[in-house]
Amino acid sequence: MSNTFDLSKFIRPKIYNLEPYRCARDDFKEGILLDANENTHGPSLTMDTPFKELNRYPDPHQVELKKLIAAYRNSQVTNKENFDELTYENLCLGVGSDESIDAIMRASCTPQKNKILVCPPTYGMYTITAEINDLDVVKVPLLPTRAKDSLKFQLDVPKVLDTLKEDDSIRLVFVTSPGNPTAAKIDTDDIVEILTKWQNGFVIVDEAYIDFTTGSVSTLVNKYPNLVVLQTLSKAFGLAGVRLGISFTSKELSKILNSMKAPYSVSTMASELAINAFGNGSIEKLNASIDSIVKGREYLIKEFTSLPYVDNELIGGLDANFILIRIIPEELAQKVYSKMATESKVVVRFRGNEVNCKGGLRVSIGTPEENKKLIQQFKKNMEELLK
Ligand SMILES: Cc1ncc(COP(=O)(O)O)c(C=O)c1O
């Protein structure tokens, strides 16, 4: 498979042949640095900061951080037989996943000519970014419940493959795993089936929530050159304010994505904080935070599903730091959402207008105190609405 996929066919020619910007520090990094028109007198700040040398441009290549991330994902692979380990060369970093989504579209899709395929209900930024890039969006909804195993919100693989076969202008397939707002991880076999049967572009697997479950496909990018995996520090790592997104791809594609990105988009603060997040001690903290969120999720599911005005089955799955509940009657979902936000100052997300999510409220798992307050206020508001 890796021998037959010709990357140059799926990257816009100007980008494929791009000469990356050469930074002032690419050649020399030490000594009296008067090469980059920085302010040698230092930053004009009135606050103390732990970040050193903010008057200097950040490292554009971020090799130390990329090595830590690659090692972390490699360490999660249990069966290392025939496993081609990730290296820093498989990674491109950016300003959150949103930048990664835009980058892959700009690299591979020609405006007004190519299309993307999405599987609703899903994350809204794929469509917004496609619109900005003047690309049409083809939709193949997820199956709300898969017949063979009752798994929720899985890919309709035959329909995806048929759609791709019928329209060769589709260049990117976006798969959110675990899904948003579905909280359901996508079956890896289904992703692999699409990767092997369709090689007319890239399958983008957005793993923003992967650390709340197991089985990242990021470690498969050396095996499938048409696979792109997106991750972010915004969710399990608790660093949404830092804005750091990661693309895992083949080394060949990574080189292209790194060449086209703005060289200094990842700030010194973002990279130092991210290095700390993957360091000793922080991973233990990450795991403790995930454990606590899972406990909070169990508590919320138990409380919500025992109420007469919440369906006792979740709409979505159990693979993220949020759940998707169904309000009964469905028409009250939007009302209780607004009432809770305005009167109780407890804000969840109404998702009832999404495909197969009628009556749906998406609820992020809070701290134990927040979860308790959420349940109290939800009951109060629902009971007032039902009077
Ligand atoms: C599926 C999915 N991908 C990406 C993002 C955004 O990630 P980032 O904060 O890295 O831009 C979100 C945020 O809600 C998301 O739900």
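In segment 301-319, what residues are assigned to a loop (DSSP other than H, G, I, E, B) and not aliphatic (A, V, I, L, M)?
Filtering segment 301-319 for residues assigned to a loop (DSSP other than H, G, I, E, B) gives 306-309, 311-319.
Listed by number, the residues that qualify are 306, 308, 309, 311, 312, 313, 316, 317, 319.
Is there any pair linking a residue in segment 159-174 that is hydroxyl-bearing (Ser, Thr, Tyr) to one that is surrounded by fewer than 13 Cβ atoms within 10 Å (Cβ to Cβ), with Cβ under 8 Å and at least six apart or on different chains, and which?
Every condition considered, the pairs that remain are 169/113.
Of all the residues that make up segment 109-135, how many are within 15 Å of the ligand (Cβ to nearest atom), of a type outside the set (A, V, I, L, M, F, W, C), closer than 23 Å to residue 165 by Cα and touching a residue at least 40 places away in the same chain (Cβ under 8 Å)?
Matching residues across segment 109-135 total 4.
Quick grid of which residues meet (1) within 20 Å of the chain's Cα centre (by Cα); (2) surrounded by fewer than 17 Cβ atoms within 10 Å (Cβ to Cβ):
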{"residue": "97", "(1), (2)": "yes, no"}
{"residue": "124", "(1), (2)": "yes, yes"}
{"residue": "129", "(1), (2)": "yes, no"}
{"residue": "144", "(1), (2)": "no, yes"}
{"residue": "150", "(1), (2)": "no, yes"}
{"residue": "160", "(1), (2)": "no, no"}
{"residue": "165", "(1), (2)": "no, yes"}
{"residue": "172", "(1), (2)": "yes, no"}
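Scan segment 107-122 for residues that are surrounded by 17 or more Cβ atoms within 10 Å (Cβ to Cβ) and not hydrophobic (A, V, I, L, M, F, W, C) and report the count. Before you say what the answer is, go through the steps one by one.
Of segment 107-122, the ones surrounded by 17 or more Cβ atoms within 10 Å (Cβ to Cβ) are 107-109, 114-122.
Of the ones still in play, those that are also not hydrophobic (A, V, I, L, M, F, W, C) are 108, 114-115, 120-122.
Residues flagged as surrounded by 17 or more Cβ atoms within 10 Å (Cβ to Cβ) and not hydrophobic (A, V, I, L, M, F, W, C) within segment 107-122 amount to 6.
Specify the residue that is surrounded by the most Cβ atoms within 10 Å (Cβ to Cβ); the eligible residues are those in segment 1-57 that are within 29 Å of the chain's Cα centre (by Cα) and of a type in the set (Ser, Thr, Tyr).
So the residue we want is 57.
Can you confirm whether segment 91-99 contains a residue that is out of contact with any Lys or Arg (no Cβ under 8 Å at 6 or more places or on another chain), among the hydrophobic types (A, V, I, L, M, F, W, C) and in contact (Cβ under 8 Å) with a residue 40 or more places away in the chain?
So far as segment 91-99 goes, no, none of its residues is out of contact with any Lys or Arg (no Cβ under 8 Å at 6 or more places or on another chain), among the hydrophobic types (A, V, I, L, M, F, W, C) and in contact (Cβ under 8 Å) with a residue 40 or more places away in the chain.
Whether any residue in segment 62-72 is among the acidic types (Asp, Glu), assigned by TED's automatic domain parsing to the domain that holds residue 255, out of contact with any Cys (no Cβ under 6 Å at 6 or more places or on another chain) and closer than 27 Å to residue 231 by Cα is what I want to check.
Let us first name the residues in segment 62-72 that are among the acidic types (Asp, Glu), namely 64.
Applying the additional criterion that residues be assigned by TED's automatic domain parsing to the domain that holds residue 255 yields 64.
Now narrow it down to the ones that are out of contact with any Cys (no Cβ under 6 Å at 6 or more places or on another chain): 64.
From what's left, closer than 27 Å to residue 231 by Cα: 64.
The answer is yes, given that some residue of segment 62-72 is among the acidic types (Asp, Glu), assigned by TED's automatic domain parsing to the domain that holds residue 255, out of contact with any Cys (no Cβ under 6 Å at 6 or more places or on another chain) and closer than 27 Å to residue 231 by Cα.
Check every one of the helices (runs of 4 or more DSSP H) wholly within segment 1-120 and list those with 3 or more residues that are basic (Lys, Arg).
Details: elements: 13-16, 63-75, 96-108.
Here the list reads 63-75.
Can you name the residue in segment 371-387 that is at pLDDT 95 or above and charged (D, E, K, R) and, of all such residues, is farthest from residue 338 (Cα to Cα)? Step through it out loud before you land on a result.
To start, the set of residues in segment 371-387 that are at pLDDT 95 or above comprises 371-386.
From what is left, the residues that are charged (D, E, K, R) are 372-373, 379-380, 383-384.
Details: 372: 19, 373: 16, 379: 14, 380: 13, 383: 14, 384: 13 Å.
Among residues in segment 371-387 that are at pLDDT 95 or above and charged (D, E, K, R), the one farthest from residue 338 (Cα to Cα) is 372.
Would you call residue 130 assigned to a helix (DSSP H, G or I) and under 30 Å from residue 314 (Cβ atoms)?
Details: assigned to a helix (DSSP H, G or I): yes; under 30 Å from residue 314 (Cβ atoms): yes.
Criteria met by residue 130.
Return yes when residue 232 is more than 13 Å from the ligand (Cβ to nearest atom), β-branched (Val, Ile, Thr) and at pLDDT 95 or above and no when it is not.
Numbers: more than 13 Å from the ligand (Cβ to nearest atom): no; β-branched (Val, Ile, Thr): yes; at pLDDT 95 or above: yes.
Taking the combined requirement at face value, the residue does not satisfy it.
For segment 246-259, indicate whether the set of residues that are within 13 Å of the ligand (Cβ to nearest atom) and in contact with a helix residue (DSSP H, G or I) (Cβ under 7 Å, 6 or more places away or on another chain) is non-empty.
Yes, segment 246-259 contains at least one residue that is within 13 Å of the ligand (Cβ to nearest atom) and in contact with a helix residue (DSSP H, G or I) (Cβ under 7 Å, 6 or more places away or on another chain).
Scan segment 161-175 residue by residue and report those that are assigned to a helix (DSSP H, G or I) and more than 11 Å from residue 197 (Cα to Cα).
Keep residues of segment 161-175 that are assigned to a helix (DSSP H, G or I), which gives 161-166.
Once the filter is applied, which keeps residues that are assigned to a helix (DSSP H, G or I) and more than 11 Å from residue 197 (Cα to Cα), segment 161-175 yields 163, 166.
The values are calculated or read from the model by the stated rules, or taken from the named source; none is laboratory data. It should be emphasised that the depicted structure is a prediction, and the values quoted were computed from it without experimental measurement. All Cβ positions, even for glycine, are placed from backbone atoms using ideal geometry, and neighbour counts span all protein chains on display.
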